[in-house]
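Engineer: After the structure tokens below, expect a handful of questions from me.
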Amino acid sequence: MEFPAKEYGYVALTVVAYCILNIWMGIKVGIARKKYKVPYPTLYALESENKDAKLFNCIQRGHQNSLEMMPVFFVLIVLGGMAHPCICGVLGLFYAVGRYFYFTGYSSGDPAKRLTIGKYAHLALLGLMICTISFGINLLRG
């Protein structure tokens, strides 16, 4: 297979879609900061100082967790997509949709709701990991 394969465009577009999702989550955190009066640079509100601390913290944590997982997602989709661009494009989209539901569930103020649908994003990450392992094995085989 010659690289870059035309289909690698699916990987590139999926990465951009995730970036847009992440920007949207950041905007939601900014709106929550104003609504619940949590000034910068405070990362998390204290329940002893803010009656809406739990709700704000759930919104903030949903975004923060997505940021924490972003490097893993990007590495796996970029590398795995070199050998399996179509599969990784679909898995990446599935992951982004799962992260959307993870964030919206978390933002409800009930942390357990982040896993209702959002937990399935981990399956997409596992699939991306398998594609990346396949890519690595194929490189070693020459």
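The values are calculated or read from the model by the stated rules, or taken from the named source; none is laboratory data. Bear in mind that the values here come from a model prediction, so they are computed numbers and not experimental data. Backbone-built Cβ (ideal geometry, glycine too); neighbour counts: all protein chains shown.
Engineer: Any residue in segment 87-107 that is assigned to a helix (DSSP H, G or I) and over 15 Å from the mean Cα position of the chain (by Cα)?
Structural biologist: There is at least one residue in segment 87-107 that is assigned to a helix (DSSP H, G or I) and over 15 Å from the mean Cα position of the chain (by Cα).
Engineer: Among the aliphatic types (A, V, I, L, M) and closer than 17 Å to residue 19 by Cβ: which single residue out of 79, 93 fits that description?
Structural biologist: On inspection, the qualifying residue turns out to be 93.
Engineer: Which condition breaks for residue 72 when tested against (1) over 13 Å from residue 107 (Cβ atoms); (2) over 20 Å from the mean Cα position of the chain (by Cα); (3) surrounded by fewer than 17 Cβ atoms within 10 Å (Cβ to Cβ)?
Structural biologist: (2)
Engineer: So, residue 119, is that one closer than 20 Å to residue 25 by Cβ and either charged (D, E, K, R) or modelled with pLDDT under 95 (or both) or not?
Structural biologist: yes
Engineer: Let me ask another. Regarding residue 95, is this residue buried (at least 17 other Cβ atoms within 10 Å of the Cβ) and either of a type in the set (Asp, Glu) or under 16 Å from residue 28 (Cα atoms) (or both)?
Structural biologist: Against the criterion (buried (at least 17 other Cβ atoms within 10 Å of the Cβ) and either of a type in the set (Asp, Glu) or under 16 Å from residue 28 (Cα atoms) (or both)), residue 95 does not qualify.
Engineer: Next question. How many residues are more than 17 Å from residue 54 (Cα to Cα) and surrounded by fewer than 18 Cβ atoms within 10 Å (Cβ to Cβ) when one looks only at segment 101-134?
Structural biologist: 12
Engineer: Just name the residue that is surrounded by the most Cβ atoms within 10 Å (Cβ to Cβ) out of those in segment 23-54 that are of a type in the set (D, E, K, R) and assigned to a loop (DSSP other than H, G, I, E, B).
Structural biologist: 52
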